[in-house]
1. Report whether or not SER324 is of a type outside the set (A, V, I, L, M) and over 25 Å from the mean Cα position of the chain (by Cα).
2. Just checking, does segment 127-140 include any residue being closer than 29 Å to PRO209 by Cα and without any contact (Cβ under 8 Å) to a residue 40 or more places away in the chain?
3. Answer yes or no as to whether PRO260 is touching a Phe, Trp or Tyr at 6+ places or on another chain (Cβ under 6 Å) and over 29 Å from ALA182 (Cβ atoms).
4. Just wondering, is there one or more residues in segment 262-277 that are in contact (Cβ under 8 Å) with a residue 60 or more places away in the chain and among the hydroxyl-bearing types (Ser, Thr, Tyr)?
5. Pairs needed: first member in segment 204-232, over 18 Å from GLU354 (Cα atoms); second member anywhere, surrounded by 20 or more Cβ atoms within 10 Å (Cβ to Cβ) and polar (S, T, N, Q); C-beta distance under 6 Å; at least 6 residues apart or different chains.
6. Any idea which of THR295, THR262, THR273 is among the β-branched types (Val, Ile, Thr) and touching a strand residue (DSSP E or B) at 6+ places or on another chain (Cβ under 6 Å)?
7. Any residue in segment 165-189 that is over 23 Å from PRO208 (Cα atoms) sitting within a Cβ distance under 8 Å of a residue that is in a helix (DSSP H, G or I) and of a type outside the set (Asp, Glu)? List the pairs, counting only those 6 or more apart or interchain.
8. Could you check ASP5 against (1) closer than 24 Å to THR206 by Cα; (2) modelled with pLDDT of 80 or more and say which number it fails?
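The values are calculated or read from the model by the stated rules, or taken from the named source; none is laboratory data. Quantities reported herein were computed from a predicted structural model and do not represent experimental measurements. Using ideal geometry, Cβ is built from the backbone for each residue, glycine included, and neighbour counts are taken over all protein chains shown.
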Amino acid sequence: MTTDDWSVPETKVLKTISEILDGDQRAVLATVVAVEGSAYRRPGAKMIVADESDGVGSITAGCLEDEVLALADQVLSDGVPRIERFDLTGDDDVWGLGVGCNGVIDILLEPLDASYRPVVDAYENGNDMAVLTVLDGDGDVTRGNRAFAFPSGDGDDLAFDTTGWPDSLLSALSDPTERLLASDASDSVTVDREDGAVEVFVDSVTAPPELVVFGSGHDVAPVTEMAKRVDFRVTVVTFRGATAGADRFPEADRVLSTSPATVGEALSFDADTYAVVMTHNFVDDRLALDELLSTPVEYVGLLGPRERFEEMRDDFAEEGRTFSDDELDRIYTPAGLNLGGGTPFHIAQSIVAEATAVHHDREPRHLKDRSGPIHDRVEVSSVDDNTMR
């Protein structure tokens, strides 16, 4: 597979799945369902392999993708899901590759069919969902059986959409599924039942966050491109009649033009929306900032030196407008992390990295200074449905 196919964002993987379901291609979905020790990707990482084509997406650092392509051919031929375990913990090279991941990776390979359609529909509509897939079980649920869980809109309870799954099994899965979905994490859960254990992979498929970039200068394009590569939906907003054609910012999901004073009317914002104000117009930036602070947006990146923002605050103060501590906490100016680079893409990288850290509730620091695993983990490995009766 090519580097471009391997390094695509998750939005591209889901889009490819949607296109395959809309067409008549056969395909295999490969998903990391369990990891012991260290690995490049965590459970939930996906790769789609269409008939007679290379894969799209990454499940490792590139060391297993070719092997998975070969296994996918077998799954396409047999039409039966399978789980393949790759033990990379030994001192010897694996297939002579010297991968050195130092972990055990379980990958589920299953024929892609219409049962996955609710997943891509929810993703495209901006809705969160957990996909529950049986990895091992007998009787009323067997390998490959699938169910869905999604926020019911009534408190924190989940609503399940299943065919033939017993209520006792769903009750046992409800709490770990809820915790995984709330953490945007995926993991395998073993449910101990009277007639034998059932292993279910709970895959959280959450809608990507949105980054709204205000501006029309040349520096907007690098921010848009970088944000798309890390799975933001990107909206570019221009002011005062500036060119708002999609061809100006081809990486953006949408481009629109409005006035800075009507931002709240032209767009909808929620806690998964992040904003970067970079019009380089003092008045427009000031108006947009004030509008954004009336929304739930947690990150408002404002380009320009700190003195420029202090000048804005003085102007606001003359009008009787002051900022609360909560508002000041949401304003990031000068926008971006201190990474040291000065090119347009360096600046874009620092801004998008900062927004990403805020989205994941992380304080940026060196991984070598972090104790424990790189990725946060939710412990939900085993439950007993007998306690749910």
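1. Working: of a type outside the set (A, V, I, L, M): yes; over 25 Å from the mean Cα position of the chain (by Cα): yes.
For SER324, the condition - of a type outside the set (A, V, I, L, M) and over 25 Å from the mean Cα position of the chain (by Cα) - is met.
2. For segment 127-140, residues closer than 29 Å to PRO209 by Cα and without any contact (Cβ under 8 Å) to a residue 40 or more places away in the chain: absent.
3. Working: touching a Phe, Trp or Tyr at 6+ places or on another chain (Cβ under 6 Å): yes; over 29 Å from ALA182 (Cβ atoms): yes.
For PRO260, the condition - touching a Phe, Trp or Tyr at 6+ places or on another chain (Cβ under 6 Å) and over 29 Å from ALA182 (Cβ atoms) - is met.
4. There is at least one residue in segment 262-277 that is in contact (Cβ under 8 Å) with a residue 60 or more places away in the chain and among the hydroxyl-bearing types (Ser, Thr, Tyr).
5. Every condition considered, the pairs that remain are SER204/SER186; GLY215/THR279; SER216/THR238.
6. THR273
7. Pairs found: SER168/MET388; SER171/MET388; ALA172/THR387; ALA172/MET388; VAL189/LEU173; VAL189/PRO176; VAL189/THR177.
8. For ASP5, the failing item is (2).
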